[in-house]
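The values are calculated or read from the model by the stated rules, or taken from the named source; none is laboratory data. Quick caveat: nothing in here was measured; it's all calculated off a predicted structure. For neighbour counting, all protein chains shown are included, and Cβ atoms are generated from backbone atoms with ideal geometry for every residue, glycine included.
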Ligand SMILES: Cc1ncc(COP(=O)(O)O)c(C=O)c1O
């Protein structure tokens, strides 16, 4: 079993395979039902098996999906994405987030005629050799044209730009720090603005990777609220509510370069996922799904804080409440995190001990209250076992997931 959906680095009682999913719930092969706070690692935004999204998918499937060329639905989808994302003048579609981030750096290199990419240490941008968090199977050459800086650290970003000199093609940034194993952090507005200025001063492109956070924190690109407009942004995961499609969108400045690079895939033009995306974006534009997941996230955050405090447990909840990460104080080996997550799964709530989670619009206040009740029981168990928590054997090799050999590094 491979990649982020392997349970190899999760507590032993986490199921690896699932039978079905509906709304906010997933069922494993033994019939165990879980409130799913991972939402398929993001793709489930409106609820599994969403009626109108899936109907749009099936309707398109019946008239034509993977054909010798695209359906006209591709143009409709491009128009709806460009209407939604304020910096976007055009859109191109692919399948996975990694396709979109790879296409973004190729576009930036084609646009500038330069090679160097600056990105933040520990930030995930996909699994291709240029960005894979694990060096195994990749070469130093695969990452040769990259410099890593520290997210939210202006001095480190400036030093990286200086190191790149006249060879800077792009700064690639996550909308906020959503790395694994560490607290999430909102973007420092000064850092985001400085990234934009440095790109303007050097002629490089600014890329924001919205693959994980897109549509879950805003109905536009995430930095629009900071008045920072990227040249390119990458989208994926939930833009078709679970159907396979991702996108690169960009401003006119990058249009010719994006049109000039050779990128493709056998299934990139498949129309059914595009129809699902058109319907998802319609719901995004016209419903209160975002406010709902924010309210549900706030309710969960408040309830968990109260429950943890009542058991004298120090839980840190970071990130937007609809994309929370839970870590425990004084838990460097994640013994508390693993024990508590295991207790949660036993109580029917699928949480994650070191990755951010996701809420979806199919969740109800009753679901959140059930999760808080489960958490109360799990905190109680944690308190009772606090002296005897087993070591986490799964994380003997955490370096497998923590970033290694990312490129040249700027230390401050
Ligand atoms: C921020 C970010 N970028 C890119 C990717 C890669 O997306 P995919 O797994 O669809 O290739 C991910 C996936 O988790 C991601 O979180």
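The condition of being closer than 24 Å to residue 229 by Cα, in contact (Cβ under 8 Å) with a residue 60 or more places away in the chain, surrounded by fewer than 21 Cβ atoms within 10 Å (Cβ to Cβ) and away from the ligand (no atom under 15 Å from the Cβ) holds for only one of 144, 159, 140, 169, that being 159. Scanning the range 124-137 for residues that are more than 11 Å from the ligand (Cβ to nearest atom) and touching a residue at least 24 places away in the same chain (Cβ under 8 Å), which turns out surrounded by the most Cβ atoms within 10 Å (Cβ to Cβ)? Among those that are more than 11 Å from the ligand (Cβ to nearest atom) and touching a residue at least 24 places away in the same chain (Cβ under 8 Å), it is 130. Among the residues of the range 86-123, just one is within 16 Å of the ligand (Cβ to nearest atom) and at positive phi, namely 122.
Note on the range 186-212: among residues that are within 14 Å of the chain's Cα centre (by Cα) and not in a loop (DSSP other than H, G, I, E, B), the one that is nearest to residue 253 (Cα to Cα) is 208. Residues considered: 242, 236, 250, 265. Of these, the only one that is farther than 26 Å from residue 38 by Cα, surrounded by 24 or more Cβ atoms within 10 Å (Cβ to Cβ) and touching a strand residue (DSSP E or B) at 6+ places or on another chain (Cβ under 9 Å) is 250. In this structure, residue 40 does satisfy being within 16 Å of the ligand (Cβ to nearest atom) and either under 30 Å from residue 374 (Cα atoms) or in contact with a helix residue (DSSP H, G or I) (Cβ under 7 Å, 6 or more places away or on another chain) (or both). Can you pull out the helices (runs of 4 or more DSSP H) entirely within the range 235-346 that have at least 3 residues that are in contact with a helix residue (DSSP H, G or I) (Cβ under 6 Å, 6 or more places away or on another chain), within 30 Å of residue 181 (Cβ to Cβ) and more than 16 Å from the ligand (Cβ to nearest atom)? By residue number, 289-310, 335-346. Restricting attention to the range 50-79, the residues that are outside any helix (DSSP H, G or I), farther than 15 Å from residue 267 by Cβ and more than 24 Å from the chain's Cα centre (by Cα) add up to 1.
What is the residue count in the range 175-185 for residues that are buried (at least 16 other Cβ atoms within 10 Å of the Cβ) and in a loop (DSSP other than H, G, I, E, B)? The number of residues fulfilling the criteria is 7. Exactly one residue out of 123, 155, 108, 91 is touching a strand residue (DSSP E or B) at 6+ places or on another chain (Cβ under 8 Å), modelled with pLDDT of 95 or more and in a helix (DSSP H, G or I), and it is 108. Quick one: what pairs do we get from the range 84-113, first residue within 23 Å of residue 219 (Cβ to Cβ), second within 16 Å of the ligand (Cβ to nearest atom) and in a helix (DSSP H, G or I), C-beta under 7 Å, 6+ apart or different chains? Close Cβ pairs satisfying both conditions: 92/103; 94/100; 94/103. When the residues of the range 43-54 are filtered to those that are more than 16 Å from the ligand (Cβ to nearest atom) and touching a residue at least 40 places away in the same chain (Cβ under 8 Å), the one that is nearest to residue 280 (Cα to Cα) is 53. For residue 205, the conditions (1) surrounded by 18 or more Cβ atoms within 10 Å (Cβ to Cβ); (2) within 16 Å of the ligand (Cβ to nearest atom) are fulfilled apart from (2).
Residue count for the range 108-122 satisfying the condition of being under 21 Å from the mean Cα position of the chain (by Cα), over 19 Å from residue 163 (Cα atoms) and buried (at least 21 other Cβ atoms within 10 Å of the Cβ): 0.
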